[in-house]
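Right, one structure below, let's go through it.
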There are 2 protein chains.
Amino acid sequence: MADLYVALLHHPVYDKTGAVVTTAVTNLDVHDIARLACTFDVRAFYVCTPVHTLRRLVARIIRHWDVGPGSTYNATRREALALVRQAPEMDAAIAEIERETGQLPRLVATSARGGPTRLSHAALRARLAAPGPPELLLFGTGWGLTKDVLERVHDVLEPIEGSGPYNHLSVRAAAAIVLDRLRNGR
Amino acid sequence: MADLYVALLHHPVYDKTGAVVTTAVTNLDVHDIARLACTFDVRAFYVCTPVHTLRRLVARIIRHWDVGPGSTYNATRREALALVRQAPEMDAAIAEIERETGQLPRLVATSARGGPTRLSHAALRARLAAPGPPELLLFGTGWGLTKDVLERVHDVLEPIEGSGPYNHLSVRAAAAIVLDRLRNGR
């Protein structure tokens, strides 16, 4: 089985006007995606932000649940947050995955927008089930990953289709659905 | 097609010691599940809490996005939050659904714990695709719906299985996975 990694990028992402911005880290993103990572066999979850102060905040959140009061209050949260790593940017996460596995990860971006050559969840599930290089699944915050990121990756995953045209899920909800599909099939 | 409703119960639910408690309303639960409801054709999403002050808080959140500054800042959020309704308890939601549809809803609880007669996602998906009474899908906060609720419902949905024994998803993530399975099949 190929190793699966997840990264949540806070830069570079769009805001709603299409400007490239850096979003703030959301505490519940860290918790929810860490719990998903623990549930669906993700080797590590990278919170990527170039903002040093926000990395310090995330370190403090992790410490609270690892060795602080949270560690005895809720051990299941500690187990999940143990999968969280930090990186100033995507490339630092890629370099760390290469050091850990000996191989450069394949980069798979997610996007709420469709396009001509989207990778299906089933195809990525099949890749994960076979031997191969690690896969790094990229989620964007704000209004999504920028064109520069999408042009750099090996694949863009197909968007999650709803029952109608509405496609404005939270990144937490999108990560839940994608990981369930990758691990539990469809 | 049968109508699908969702309710998020803040009482009666367990805390981690097994005591029956009332949990606080989490702002991001309201947003995330409203956005899921809008994506996956849920007719209404009931936030149920007996605490009057918290119902006032939720009303204020909805108002912010409906007619306040949020309505022009992000119209997609307004569209999702228009599906949010409030009820002091499950029975008030049931009564309102009966008034709206002319039929008592079937009650389907969700639980992270397995059991002998769990309803599969596929079976509920088939029920929703056929004509029939409305279905009210119940999610618990805290450490889950109490035994009293589980004994009252018509069905309990099968738990979401991960890749290992860890089963501590956030209610937001669980709702995302369940609704995707009910609408997009498996």
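The values are calculated or read from the model by the stated rules, or taken from the named source; none is laboratory data. Everything numeric in this text was worked out from a predicted model, so none of it was measured. Glycine also receives a Cβ, built like all others from the backbone with ideal geometry; neighbour counts cover every protein chain displayed.
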Exclusive hit being closer than 23 Å to residue A:177 by Cα, of a type in the set (Gly, Ala, Ser) and within 14 Å of chain B (Cβ to nearest Cβ), set A:75, A:7, A:34, A:44: A:34
Single match in A:172, A:181 (criterion: assigned to a helix (DSSP H, G or I), touching a His at 6+ places or on another chain (Cβ under 8 Å) and at the interface with chain B (Cβ under 9 Å from one of its Cβ atoms)): A:181
What's the number of the condition residue B:16 fails, among (1) within 28 Å of residue A:166 (Cα to Cα); (2) within 14 Å of chain A (Cβ to nearest Cβ)? (1)
The listed residue being more than 20 Å from residue B:34 (Cα to Cα), at pLDDT 95 or above and not hydrophobic (A, V, I, L, M, F, W, C), out of B:146, B:117, B:141: B:146
Being buried (at least 17 other Cβ atoms within 10 Å of the Cβ) and part of a loop (DSSP other than H, G, I, E, B) narrows B:42, B:30, B:47, B:58 down to just B:42
Which condition number in (1) within 14 Å of chain B (Cβ to nearest Cβ); (2) buried (at least 21 other Cβ atoms within 10 Å of the Cβ) is the one that residue A:105 fails? (1)
Index of the failed condition, residue B:2 passing every other in (1) small (Gly, Ala, Ser); (2) assigned to a loop (DSSP other than H, G, I, E, B); (3) more than 14 Å from chain A (Cβ to nearest Cβ): (3)
Restricting attention to the range B:72-91, which residues are part of a helix (DSSP H, G or I) and either in contact (Cβ under 8 Å) with a residue 60 or more places away in the chain or over 18 Å from residue B:33 (Cβ atoms) (or both)? B:72, B:73, B:75, B:90, B:91
Take the residues in the range A:139-169 that are among the small types (Gly, Ala, Ser) and away from chain B (no Cβ under 11 Å), then tell me which one is nearest to residue B:28 (Cα to Cα). A:142
Would the range A:123-131 turn up any residue that is without any contact (Cβ under 8 Å) to a residue 60 or more places away in the chain, within 14 Å of another protein chain (Cβ to nearest Cβ), on the phi < 0 side of the Ramachandran plot and among the small types (Gly, Ala, Ser)? no
Counted residues in the range B:146-169 being closer than 16 Å to residue A:77 by Cβ and assigned to a helix (DSSP H, G or I) come to 0
